[in-house]
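My questions will all concern the structure given below.
The values are calculated or read from the model by the stated rules, or taken from the named source; none is laboratory data. Computed from a prediction, not measured in an experiment: that's the story for all the values here. Because the Cβ atoms are built from the backbone with ideal geometry, glycine has one as well, and the counts that use them run over all protein chains shown.
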Amino acid sequence: MTTINKTGAALVLALTCAFTPLAAHANLVRNGGFETGNFTNWTILGDPRFIGVDGGSDARSGAYGAYFGALGSDTTITQLIPTTPGKEYSFQFDLKNDGGVHNDFSVFFGGRALIKMVDANGFSFTHYYFNETASDPFTAIQFSGRQDPAYYELDNVSVTPASTVPEPNSLAALGVGAVCIGAAALRRKRRSNR
C-alpha cells in the first residue's frame, strides 16, 4: 500500500470515528414522551379527571406531554421497568410548573423519593437527571402531583443503563487520525530527501 493510500485510509477512518454517532442506550420507559397521546404503558392512581396528555405547551418536545392538575390530593402515574439489581441507571425527565399556591410534585425511583416539591414557584421546563442503582429486577418509577390553580407538565421520561466505560471522544479520534496523517507525511518527506 502506498503512503498516499495509507494516509487516505487513516483520514477516512478518523473522519468516520469523529462523525459516527455513538450507540445510544435503549430507553427502558415505554411511552416516556407520551407520544401515543395518552397514558399507554402507565398506571394512573388517584383522581383521573385532572391529569392527562395534551399537545402544545404541555410538551417539551414531540407532539405530546403529560399534565398534572389534581385538586386537593395527588394523582400519580407509575410504570414498572425491567432492571438489574446492583446496576446503575440514568433517570431523566423534563418538568414544568405553571405556579400558584397549593401545589406539590414528587418523583420516585424504586420507592426512593428524588424530588418533593411543595408550593413551588412557577418554572419553565427544567431537565432533571439522576443516577440511581436498582435493587430489584423490576423498578417502579413514579410521578405524583397536585396543582390546584394550574398544572405541572412532564415530558421526555427516560431510564437507560448508566455508562460505566467512558465513551471515546470524537475529537480524540480525529486527533489520532491527524497524527497518522502527520506521521505519513513526515515519512514521505524523509524518503523524498534521500
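Name the single residue that is nearest to Ala162 (Cα to Cα) among those in region 55-78 being assigned to a helix (DSSP H, G or I) and touching a residue at least 60 places away in the same chain (Cβ under 8 Å).
Top of the filtered list is Asp58.
A further question follows. Collect the residues in region 108-123 that are of a type outside the set (Val, Ile, Thr), surrounded by 12 or more Cβ atoms within 10 Å (Cβ to Cβ), under 14 Å from Gly145 (Cα atoms) and within 20 Å of the chain's Cα centre (by Cα), keeping them in residue-number order.
Phe108, Leu114
Collect the residues in region 37-54 that are touching a residue at least 12 places away in the same chain (Cβ under 8 Å) and part of a loop (DSSP other than H, G, I, E, B), keeping them in residue-number order.
Residues satisfying the conditions are Gly37, Asn38, Phe39, Asn41, Trp42, Gly46, Asp47.
Another one. Just one of the numbered conditions (1) of a type in the set (A, V, I, L, M, F, W, C); (2) under 13 Å from Val157 (Cα atoms); (3) assigned to a loop (DSSP other than H, G, I, E, B) is not true of Ile81; which one?
Going through (1) of a type in the set (A, V, I, L, M, F, W, C); (2) under 13 Å from Val157 (Cα atoms); (3) assigned to a loop (DSSP other than H, G, I, E, B) one by one, Ile81 breaks only (3).
Any residue at all in region 168-190 that is modelled with pLDDT of 70 or more and either under 30 Å from Asn41 (Cβ atoms) or surrounded by 18 or more Cβ atoms within 10 Å (Cβ to Cβ) (or both)?
The answer is no, given that none of the residues of region 168-190 is modelled with pLDDT of 70 or more and either under 30 Å from Asn41 (Cβ atoms) or surrounded by 18 or more Cβ atoms within 10 Å (Cβ to Cβ) (or both).
Hey, among Thr133, Thr160, which residue is farther than 30 Å from Asp98 by Cβ, at pLDDT 70 or above and surrounded by 13 or more Cβ atoms within 10 Å (Cβ to Cβ)?
Thr133
Among Gly33, Gly62, Gly46, which is the only one that is modelled with pLDDT under 90 and either within 18 Å of Phe143 (Cβ to Cβ) or hydrophobic (A, V, I, L, M, F, W, C) (or both)?
Every option except Gly62 fails the conditions.
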